[in-house]
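Enquirer: My structure is below; once you've seen it, I'll send some questions.
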Amino acid sequence: MDLMPSPVVRLVRLALRADCVSEFIAHFESIRKDIAGFDGCLQLEFYRDNEHPGVVYTLSRWSSAEHLEKYRQSALFKTNWAHVSRWFDDKPQAFTLVPQT
């Protein structure tokens with residue numbers, strides 16, 4: 001019997017330089033559909049920290065860890081990451097979470 005791959009959630013925290021927050025948000029909105037349309041992406045959300053306006057989060061749900069990894073190895077991800085990393089004020093934090101029942 002084959003087991004279905006488990007879905008995963010990817011939570012990424014980005015601390016941005018204060019002068020780059022608006023530019024980051026505009027860029028994210030311009031590529032949101034591309035990320036959300038990537039094979040295996042089930043959901044993509046964007047949040048701003050209520051107490052720290054320079055801190056943003058992305059939360060994405062993926063069909064499997066393999067789908068997430070294919071995205072992370074894609075030209076879309078690599079190009080985007082190179083573009084936005086110049087706006088970071090601190091090291092990004094990323095967590096891959098597996099739902100527990």
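Enquirer: From the set of residues in the stretch 1-21 that are modelled with pLDDT under 95 and either assigned to a strand (DSSP E or B) or among the small types (Gly, Ala, Ser) (or both), which is surrounded by the fewest Cβ atoms within 10 Å (Cβ to Cβ)?
Expert: By that ranking, first place goes to 18.
Enquirer: How many residues does the stretch 22-57 contain that are free of Cβ contacts under 8 Å to residues at least 60 places away in the same chain and crowded, with 17+ Cβ neighbours inside 10 Å?
Expert: The total comes to 9.
Let's see how each residue does on (1) under 21 Å from residue 21 (Cα atoms); (2) part of a helix (DSSP H, G or I); (3) in contact with a strand residue (DSSP E or B) (Cβ under 6 Å, 6 or more places away or on another chain); (4) at pLDDT 95 or above:
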position: 45; (1), (2), (3), (4): yes, no, yes, yes
position: 53; (1), (2), (3), (4): yes, no, no, no
position: 59; (1), (2), (3), (4): yes, no, yes, yes
position: 78; (1), (2), (3), (4): yes, yes, no, yes
position: 94; (1), (2), (3), (4): yes, no, yes, yes
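Enquirer: While we're on this one: Return the residues of the stretch 61-73 that are surrounded by 15 or more Cβ atoms within 10 Å (Cβ to Cβ) and in a loop (DSSP other than H, G, I, E, B); say none if nothing qualifies.
Expert: Matches in the stretch 61-73: 63 only.
Enquirer: How many residues are among the small types (Gly, Ala, Ser), under 16 Å from the mean Cα position of the chain (by Cα) and more than 14 Å from residue 88 (Cα to Cα) when one looks only at the stretch 1-46?
Expert: 5
The values are calculated or read from the model by the stated rules, or taken from the named source; none is laboratory data. Note that the structure is predicted; figures quoted are calculated from it, not measured. Using ideal geometry, Cβ is built from the backbone for each residue, glycine included, and neighbour counts are taken over all protein chains shown.
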